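What follows draws every value from the coordinates through simple rules; no lab data is involved. Values in this document were obtained by computation on a predicted structure and should not be read as measured data. Please note: Cβ atoms are built from the backbone with ideal geometry, for glycine as well, and neighbour counts cover all protein chains shown.
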Amino acid sequence: MNRIKFLREELNMTQQELADKLDGAKSTIAMYEKGNRKPSMEVLIKLSEIFHCSIDYLLCKSDIRNPQQINLDEMDIAFASGIRGLNKQNQETLKNIMDGLLAKQKIEEEKKKGK
């Protein structure tokens, strides 16, 4: 997947328009999109500013477009850190427990609404 092309097309921007914003050539944009050339760090920074996304997102290292917009509280962080330490079997067990708790909570909420 090429995120540069995806993001450019999302903004209905031509390769030439993107090249103009980067003070570069249309052929360079085409090479980035085909994977024949990798953008420099300077270009990656400019691209992240143009597309309002992280460099990791541009490089397909993350599927989170804007990590700054994610609001994690201490519980989220502790849970994410803790679950990584579990083996696959225990991760699956924990996931099943969470699914059960969420289902139970939904039933309880629906009962309260029905009263």
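Using R0 = 35 Å, the C-beta based FRET efficiency linking residue 56 and residue 111 works out to 0.20. In the range 74-114, a dipole from Cβ-located charges (positive for Lys and Arg, negative for Asp and Glu) runs towards its positive end, and of 89, 103, 79 it is 103 whose Cα lies farthest in that direction. Remark: C-alpha extents of the range 1-55 on the principal axes read 24, 24, 23 Å, sorted largest to smallest.
Between residue 23 and residue 66, the modelled labels are 2.7 nm apart [label points 7 Å from Cα along Cα→Cβ].
Over the chain, with a single point scatterer placed on each C-alpha, what log10 of the ratio I(q)/I(0) does the Debye formula yield at q = 0.10, 0.20, 0.23 1/Å? After summing over all Cα pairs, the log10 values are -0.54, -1.03, -1.24. In degrees from 0 to 90, rounded to the nearest 10, what is the angle of the helix 74-84 Cα long axis to the longest principal axis of the chain? Long axis of 74-84 versus the principal axis of the chain: about 90 degrees.
Charges were assigned to the Cβ only: +1 to each Lys and Arg, -1 to each Asp and Glu. The resulting dipole of the chain about its Cα centre is roughly 380 debye. For the chain, the longest principal axis of the Cα atoms and the long axis of helix 88-114 meet at an angle of about 70 degrees. In the chain, Cα pairs under 8 Å separated by at least six residues give a relative contact order of 17 percent. Listed by Cβ neighbour count within 10 Å, with the fewest neighbours leading, 45, 4, 29 appear as 45, 4, 29.
Using 0.36 nm per residue of separation minus the Cα-Cα distance, give me the extension gain between residue 94 and residue 75 in nm, one decimal. Numbers along the way, then the final one.
Values: separation 19, 0.36 × 19 = 6.84 nm, distance 1.54 nm.
Full extension from residue 94 to residue 75 adds 5.3 nm.
Calculated FRET efficiency, residue 101 to residue 2, Cβ-Cβ distance, R0 = 41 Å: about 0.55 to the nearest 0.05.
Projecting the Cα atoms of 15, 55, 35 onto the charge dipole of the chain, computed from C-beta unit charges around the Cα centre, puts 35 farthest toward the positive end. Cα centroids of the range 86-115 and the range 1-73: 39 Å apart. With Kirkwood's inverse mean 1/r over C-alpha pairs for Rh, give me the Rg to Rh ratio of the range 74-114, two decimals please. Across the range 74-114, the Cα-based Rg/Rh ratio is 1.16.
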